[in-house]
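**Q** Here it is, the structure, as C-alpha cells.
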Amino acid sequence: MVDLQKLHDAILNGDAKTSAAVTLDALGEKVPPIEIIQKAMVPAMDEVGRRFECQDYFVPELLLSARAMKVAMEPLRPLLAASGVQRAGKVVIGTVKGDLHDIGKNLVAALLEGGGYEVIDLGANVAPERFVEAARDAGANIVCLSALLTVTMTAMKTTIEALQAAGLRDRVKVLIGGAPVTRQFAQDIGADGYGDNASVAVSLARSFAKAPGAA
Ligand code: B12
C-alpha cells in the first residue's frame, strides 16, 4: 500500500522524481486526489514555509520543494477537474500584480477544482484589468486573489476597485488570502471573504452560493 508520508517527505526534501512516482502509485491504488493533496502536499508545503521562517531552509530548498510539489500536482489536476460532475460555479483566480508567489494560490485552485468549481487560473503577477477581463469573459461568480508580500496587498484593493469600475462587483464575490492577509484587511478593502488556507476557500465559495442574493 502506498505511503503518503513518502510523498510528504519527497516534497519537503525537494525530490521531484520521488514525489511524481509516489503520486502515480497513489493514483494507481485509487487514492482520491483530494486526499493526496490534503494529507501529504498541504502539510509538506506548510512545513517548508515554517522551515524557511526559522532559517532551516533557504531559497534553493524552497524552489526544489515547489518543483517537487508542482510535478506531483500535474497528474492530479485533470482528475480533480473531472471529479466535479456538476460544476458548482466559475472561479477566476490569480496572484496579484507585482507578486510572483504562486504555491498557495495553486493549492487553492486545486482544491476549488476538487470542490467542483471550474477554475480559470491567470497565474501570478496578474494586473487588475486582467482579472476584470477574465471575470467578464468567463461570466465568473467568484474572483480569488492571492498575495504573499505586504507591498502587493494594495493590489488587492486596486483589483476590487477595477471590478467595481467595470460594473462587475455585484455579480462576483471576491475572496482573498495569502500569508500576510488578515480578516480585518479583507473587511477594510471590501472583499467578501478571507481564508487562511486552501480548504477554507472551498467552504467560503460554497457559503456564497447559499447566501441570499449570492452569485
Ligand atoms: C516560497 C517563497 C518564495 C518563492 C516563491 C516560489 C513560488 N513559485 O511561489 C520565491 C523564492 C520565488 C520567493 C521570492 C520572494 N519572496 Co518569498 N517566500 C516564500 C515562502 C518561504 C513560502 C511561501 C509559500 O509558498 N508558502 C506555502 C503556501 C502553501 O502557503 P501560502 O502561500 O501562505 O498559501 C496558503 C494560505 O496563505 C492560503 N492562501 C493563499 N492564497 C490564497 C488565496 C485565497 C483566495 C485564499 C482563500 C487562501 C489563500 O492558502 C494556502 C494554502 O493553505 C514565504 C514564507 C512563508 N512562510 O510564507 C516567503 C515570503 C512570502 N517571501 C518574502 C519575500 C520578501 C520574497 C522576495 C521579495 C525575496 C527577494 N528579496 O527577492 C521575493 C519576491 C518575488 C516577488 N516579486 O513575488 C517574504 C514576504 C515578506 C512580506 N510580508 O512582504 C516572506 C514572508 C519570507 C520572509 N519571512 O521574509 N519567495
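**Q** When you scan region 172-187, how many residues do you find that are among the hydrophobic types (A, V, I, L, M, F, W, C) and closer than 17 Å to N106 by Cβ?
**A** 4
**Q** Follow-up. Restricting attention to region 52-64, which residues are within 18 Å of A179 (Cα to Cα) and either crowded, with 18+ Cβ neighbours inside 10 Å or at pLDDT 85 or above (or both)?
**A** C54, Q55, Y57
**Q** Determine whether region 81-91 contains at least one residue that is at pLDDT 85 or above, surrounded by 20 or more Cβ atoms within 10 Å (Cβ to Cβ) and part of a helix (DSSP H, G or I).
**A** no
**Q** Here's something else I'd like to know. At least 1 residues that are at pLDDT 95 or above in each: list the helices (runs of 4 or more DSSP H) lying fully within region 103-189 that qualify.
**A** Output list reads 128-138, 154-165, 183-188.
**Q** While we're here: Among the numbered criteria (1) more than 10 Å from the ligand (Cβ to nearest atom); (2) in the same structural domain as G193 (by TED's automatic domain parsing); (3) outside any helix (DSSP H, G or I); (4) charged (D, E, K, R), which single criterion is violated by D99?
**A** Condition not satisfied by D99: (1).
**Q** Next up: Just one of L122, L145 is in contact with a strand residue (DSSP E or B) (Cβ under 6 Å, 6 or more places away or on another chain), more than 11 Å from the ligand (Cβ to nearest atom), closer than 25 Å to P75 by Cα and not assigned by TED's automatic domain parsing to the domain that holds E74; which is it?
**A** On inspection, the qualifying residue turns out to be L122.
**Q** Mind listing just one residue for me: the one in region 131-146 that is in contact with a Ser or Thr (Cβ under 7 Å, 6 or more places away or on another chain) and of a type in the set (A, V, I, L, M, F, W, C) and, of those, farthest from D196 (Cα to Cα)?
**A** Residue satisfying both the conditions and the ranking: F131.
**Q** On to the next question. With the structure loaded, tell me whether R77 is more than 10 Å from the ligand (Cβ to nearest atom), basic (K, R) and not assigned by TED's automatic domain parsing to the domain that holds L175 or whether it fails that test.
**A** yes
**Q** While we're looking at this one, here's another question. Given the options T159, T182, name the one that is touching a Pro at 6+ places or on another chain (Cβ under 8 Å) and either farther than 16 Å from V91 by Cβ or in contact (Cβ under 8 Å) with a residue 24 or more places away in the chain (or both).
**A** Only one candidate passes the filter, namely T159.
**Q** Just one of (1) surrounded by 17 or more Cβ atoms within 10 Å (Cβ to Cβ); (2) out of contact with any Gly (no Cβ under 7 Å at 6 or more places or on another chain); (3) more than 23 Å from E113 (Cα to Cα) trips up G167, so point out which.
**A** G167 satisfies all of (1) surrounded by 17 or more Cβ atoms within 10 Å (Cβ to Cβ); (2) out of contact with any Gly (no Cβ under 7 Å at 6 or more places or on another chain); (3) more than 23 Å from E113 (Cα to Cα) except (1).
**Q** Now, a different point. For region 26-60, which residues satisfy the criterion of being in a helix (DSSP H, G or I), in contact with a Lys or Arg (Cβ under 9 Å, 6 or more places away or on another chain) and either under 22 Å from H101 (Cα atoms) or near the ligand (Cβ under 9 Å from one of its atoms) (or both)?
**A** Residue satisfying the conditions is A40 alone.
**Q** Going by what's in this entry, would V71 be described as of a type in the set (A, V, I, L, M) and touching a Lys or Arg at 6+ places or on another chain (Cβ under 9 Å)?
**A** yes
The values are calculated or read from the model by the stated rules, or taken from the named source; none is laboratory data. Note that this is a predicted model, so its numbers are computed, not measured. All Cβ positions, glycine included, derive from the backbone under ideal geometry; neighbour counts span all protein chains shown.
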